[in-house]
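One structure is given here, and the rest of the page talks about it.
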Amino acid sequence: MTSNRERTARFLNLFRRTAKVLIVINADPDAISSAMAVKRLLWRRAGEVVIAYFNKITRPDNLAMIEYTEPGMVHLDDIKKQDFDTFVVVDSQPDHHERFSQFKFDAIIDHHPLSCDDAEYADIRPGYGACATMMTEYLKSRKIKPSAKLAAALMLGIKTDTSDFTRQ
């Protein structure tokens, strides 16, 4: 069994200091908070990290989360794929939406049942209620204390995907 520390080390080994990383998400609280955690993990480890989403965000609670946590997301239509050399998807797998198909992902981190793990690094754990829980373990394994905004985002991601902690 792989420890959280080993898992995180393998993930981080994918990135060069000059890497230009694009994290692609189908934005919801779990995906947003997980992408924020990846961005924090890659701080000072990659040259640039951008979070891009493709769905329309309309729910007031999701908009409030984005306003409070300031994840720095951009719409996928506003970026140029060729400006990036490393691609990550969190809280989804490449076959979950057609917008993911334009990328060859280097890393996939997800808690949904396995449907596609075609990446150099894949951490798919369907026994987890939220991807944000997995990302909290990544941060903890590196002894990274999240900022108040990141901690709030992770908590909301976990709370949302576990239906107020009623699901595992």
Extension gain from D118 to K104, taking 0.36 nm per residue of separation minus the Cα-Cα distance: 4.2 nm
Options A152, I109, T133, ranked by Cα towards positive dipole end of the range 73-168, top entry (Cβ charges): A152
Vicinal HN-Hα couplings computed from phi for the range 99-113 (Karplus, 6.51 cos²θ - 1.76 cosθ + 1.60; Hz; Gly/Pro x): 5, 6, 5, 7, 10, 9, 7, 7, 9, 10, 10, 7, 10, 7, x
Note, ³J(HN,Hα) from phi for the range 125-131, Karplus 6.51, -1.76, 1.60, rounded to Hz, x at Gly and Pro: 10, x, x, 8, x, 8, 5
The range 80-141 pair-distance distribution - Cα-Cα, 10 Å bins, rounded %: 22, 52, 23, 3
Accessible-area value, T136, 1.4 Å probe, nucleic acids and ligands omitted, Å²: 60
Computed Kirkwood radius, in angstrom, where 1/r is averaged over Cα pairs of the range 30-117: 14.0
Placed amide H near V49: partners under 5 Å, 5+ positions off or other chain: V21
Solvent exposure, largest accessible area first (probe 1.4 Å, DNA, RNA and ligands not counted), of Y138, Y128: Y128, Y138
Karplus 3J(HN,Hα) series, Hz, for the range 65-72 with 6.51 cos²θ - 1.76 cosθ + 1.60 (x for Gly, Pro): 4, 5, 5, 6, 7, 6, x, x
Overall dimensions of the chain by Cα: Rg and Dmax, Å: 14.6, 42
Estimated FRET transfer efficiency (A152, R45; beta-carbon r; R0 22 Å; 0.05): 0.40
The chain - mean residue ellipticity at 222 nm from DSSP helices (-39,500 (n - 2.57) per run, n ≥ 4, rounded to 500): -10500 deg cm²/dmol
Peptides ranked, highest mean first, by Cβ atoms within 10 Å: ranges 85-91, 6-12: 85-91, 6-12
Size of charge dipole - the range 1-153 - debye, nearest 20, with Cβ of Lys, Arg +1 and Asp, Glu -1, no other charges: 840
Point-charge dipole on Cβ atoms (K/R +1, D/E -1) for the range 91-168, about Cα centre, debye to 20: 580
Sequence of C131, C116 from largest to smallest accessible area, 1.4 Å probe: C116, C131
Loop trypsin sites (Lys or Arg not before Pro), the range 65-168, which have at most 12 other Cβ atoms in a 10 Å radius of their Cβ (DSSP): K80, K104, K143, R167
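The values are calculated or read from the model by the stated rules, or taken from the named source; none is laboratory data. Just so it is clear, the structure is predicted and the values come from calculations on it, not from any experiment. Please note: Cβ atoms are built from the backbone with ideal geometry, for glycine as well, and neighbour counts cover all protein chains shown. Calculation scope for accessible area: heavy atoms of the full protein, side chains included, ligands and nucleic acids excluded. Shrake-Rupley method; radii C 1.70, N 1.55, O 1.52, S 1.80 Å.
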